């Protein structure tokens, strides 16, 4: 059958218009993060890191135009749930990301991923979502909650401490933290204290700590809580006799700026440090300092890496980014140059990476973290075996 | 020894709460105004004290600057917003002052940025003092306790022995009579609001070296402050002092000793988790008990 040339041309034009239409539609990325209240500096760092990557690529990731929807959850579970529902149902986002706190993550992620939306966590990594309740639509670019604490448990044991006092807030990440520390720490526990999330005054806890006479303290208190505790601990005159250890969350760049000399000499573990010597990080740290006027914290690097991961995945799938299955497979490949160095996903789509130890030092007129050594290489989280995927 | 140290911690927390509650109870008692923005004034005090202390290298100057700036903010808020709310429903007052909280938080973020500010106590207070044998206690916390006592004495003198104090007490119960006698009641209200604001600013300035100076710091202490004035009796500064100390001590002692007490009967992990939850409820249980036994609070309003 001969198709008239006119019909053929019309069909070609229609096909061209339709494909141009598809190419022009932007990818919608929903970011729910904490931009106000006690833990705001974490969410702000994640957002700034992510936005830097998008800005560098002129509003695109992987050649696709990106439309960011950034909403503040105020560290409240109800807010996060409402915003997530709105983003999935009304705004129809293609990818969701951003949540800082594990209690909010546990409330939002299972529902969102079950509904068919891909979620990439730039921070919270609760153990349940890495193990029994892992899901093909859920990726974690940062770490599993226990990881940095496991590294510190190993480090503290290696340094010879036998009697350690533990402190963390009473919420999923706090419990994960102390569980992770105890998994690799060999000695005795002088005390294990769970404080209230958002607590400001630690005088009572510090007095109890002194009475217990440990030889070291390991504490996980992110954001404003870390600032309060470290200041009060130093004022109680304990820093010289009982050294402080913690994950990077207790000593991030924002906390150090607010605490100053009170944190000097403490050690913390992290998968990232702004002085890591690889080409991607050298460029990132310099650009971040230039754009925002501060050194990038691990949260900023996590936000940036999330954007880079999406960039690599979008480059692979191109216009088919709305195909969840294709996008998922592209994301799992993780073919991007992470600013922390080597990066790959395990079977539960959580990172397998190196964890370093850093010391807080004075650098001219600022207090900052300095890379001191490596604790783990190719470290995988403890829950990967419980995940049924692949 | 540990018990005495924890008791001191409780007293110090109580003094901080008293400073906040005194201002709030005066405003609520005298002007019948629910002021949710009291926490924002506390935040302003902390931020200004930090900025002035860092710029001038003097903590004393920072405190003074913080008080004055907060009093000035108080006057501004009173003239622009509060004046129109005196005759309105409590719910309207809550809505309006909640709006002020949101505005203050965003304004602070715009002026100072989202990161927390950094303030250390002055060098002569950064040491520890052996007030009890073998118990070094942070000198700065002792300073806060002393400051609270000084303010309490000052307020008592102000309210019972001065003309202004007499006007405050009279204006609370017989507003129209005071106006009829020729006193400018609206100026009085502005003064009381400024005094309340200055107290909140002082509390914020004193809290600066201890706690993180960040946006939203006022909301955390505001809830405790409301609990204190409900327990103490609305309008009574003496009630604010007694209730403040009570709340501070109960909260601190429950956090300090409940885990140990529970560990005698429960396994360690559950004891810790349960203790954490119960101790954060302790002050609300106290408030509930007081409301059942004596609903108007421990002390009558407009007392000393």
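Rule-based calculations on the coordinates, nothing more; no lab input. This structure is a prediction, so every number in the text was calculated from the model and none was measured. Neighbour counts run over all protein chains shown; Cβ positions are idealised from the backbone, glycine included.
For chain B, set up a GNM with springs between Cα atoms under 10 Å and report which of B:214, B:134, B:78 has the largest fluctuation.
Result for chain B, Cα springs under 10 Å: B:134 fluctuates most.
Remind me, what semi-axes does the range A:175-264 give for its equivalent ellipsoid, largest first in whole Å, using sqrt of 5 times each Cα gyration tensor eigenvalue?
For the range A:175-264, the ellipsoid semi-axes come out as 19, 16, 13 Å.
Between Rg and the Kirkwood Rh of the range B:16-161, both from Cα atoms, what is the Rg to Rh ratio?
1.02
With everything on Cα atoms, drop me the angle between helix B:185-207 and the longest principal axis of chain B, reported from 0 to 90° to the nearest 10.
20
Can you figure out the FRET efficiency of residue B:181 with residue A:292, using R₀ = 56 Å and their beta-carbon distance, to the nearest 0.05?
According to the calculation, E is roughly 0.40.
Quick check: convex hull over the Cα atoms of the range A:97-181, volume per residue in Å³, rounded to an integer?
87
Sorting check: for A:216-224, B:257-265, which peptide has the highest mean count of neighbouring beta carbons within 10 Å, and how do the rest follow?
Top of the packing list down: A:216-224, B:257-265.
Tell me, A:379, A:149, B:90 in order of fewest to most beta-carbon neighbours within 10 Å?
The fewest-first ordering by Cβ neighbours comes to B:90, A:379, A:149.
Describe numerically, in nm with one decimal, the distance between label points set 7 Å from Cα along Cα→Cβ at residue A:183 and at residue A:359.
In this crude label model, residue A:183 to residue A:359 measures out at 2.8 nm.
Per the Kirkwood treatment, what hydrodynamic radius in Å, one decimal, follows for the protein assembly as shown from the mean inverse distance over all distinct Cα pairs?
Over the protein assembly as shown, the inverse of the mean reciprocal pair distance is 27.0 Å.
Report the antiparallel proportion of the DSSP beta bridges in the protein assembly as shown as a percent, rounded to a multiple of 5.
45
Mean residue ellipticity at 222 nm from the helices of chain B, using -39,500 (n - 2.57) per DSSP H segment of n ≥ 4 over the full residue count, to the nearest 500 deg cm²/dmol?
-25500 deg cm²/dmol
At 7 Å along Cα-to-Cβ for each site, give me the label-to-label distance between residue B:173 and residue A:389 in nm.
7.1
For a protection proxy built on the mean count of beta-carbon atoms within 10 angstrom, sort A:105-113, A:156-164 highest first, please.
Top of the packing list down: A:105-113, A:156-164.
When the helix-only estimate is applied to chain A (DSSP H runs of n ≥ 4, each -39,500 (n - 2.57), divided by the residue count), what is the mean residue ellipticity at 222 nm, nearest 500 deg cm²/dmol?
-13500 deg cm²/dmol
Please report, in cubic angstrom per residue, the volume enclosed by the convex hull of the alpha-carbon atoms of chain B.
148
Find how many whole Å separate the alpha carbon centroid of the range B:220-253 from the alpha carbon centroid of the range A:115-169.
Here the two parts' Cα centres lie 39 Å apart.
Got a sec? How would A:361, B:185 order by Cβ neighbour count within 10 Å, fewest to most?
A:361, B:185
How much length, in nm to one decimal, is gained on full extension between residue B:163 and residue B:273, taken as 0.36 nm per residue of separation minus their Cα-Cα distance?
34.3 nm
Given a Förster radius of 25 Å and the C-beta distance between residue B:289 and residue B:88 as r, what FRET efficiency does 1/(1 + (r/R0)^6) yield to the nearest 0.05?
E between residue B:289 and residue B:88, to the nearest 0.05, is 0.15.
Please report B:7, B:291, B:188, A:331 as a ranked list, fewest other C-beta atoms within 10 angstrom at the top and most at the bottom.
B:291, B:7, B:188, A:331
On average, how many beta carbons from a partner chain sit within 10 Å of the beta carbon of a residue in A:211-220?
1
Any chance you could tell me what percent of the C-alpha pair distances in the range B:80-153 go past 17 Å?
69
Need one number: nm distance between label points at residue B:130 and residue A:372, each 7 Å from Cα along Cα→Cβ, rounded to one decimal.
3.1
Students often get this wrong: which residues of the range B:73-109 have the backbone nitrogen under 16 Å from the point 7 angstrom along Cα-to-C-beta of residue A:82?
The answer is B:99, B:102, whose backbone nitrogens lie closer than 16 Å to the label point.
Pairing the Cα long axis of helix A:77-89 with the longest principal axis of chain A, what angle in degrees results, from 0 to 90 and rounded to the nearest 10?
The angle comes out near 10 degrees.
Roughly how tilted is helix B:217-232, in degrees to the nearest 10 and between 0 and 90, from the longest Cα axis of chain B?
80
May I ask you to give the average projected area over all directions of the convex hull of the Cα atoms of chain A, in nm² rounded to one decimal?
21.3
If you count, for every residue in A:28-40, the Cβ atoms of partner chains within 10 Å of its Cβ, what is the mean?
For this peptide, the per-residue mean of nearby foreign Cβ atoms is 3.
What does the average come to when, for each residue of peptide B:115-122, you count the partner chain Cβ atoms lying within 10 Å of its Cβ?
The mean count of partner-chain Cβ atoms within 10 Å per residue comes to 6.
Which residue, A:69, A:267, A:152, tops the fluctuation ranking in a GNM of chain A built on C-alpha contacts under 10 Å?
A:69
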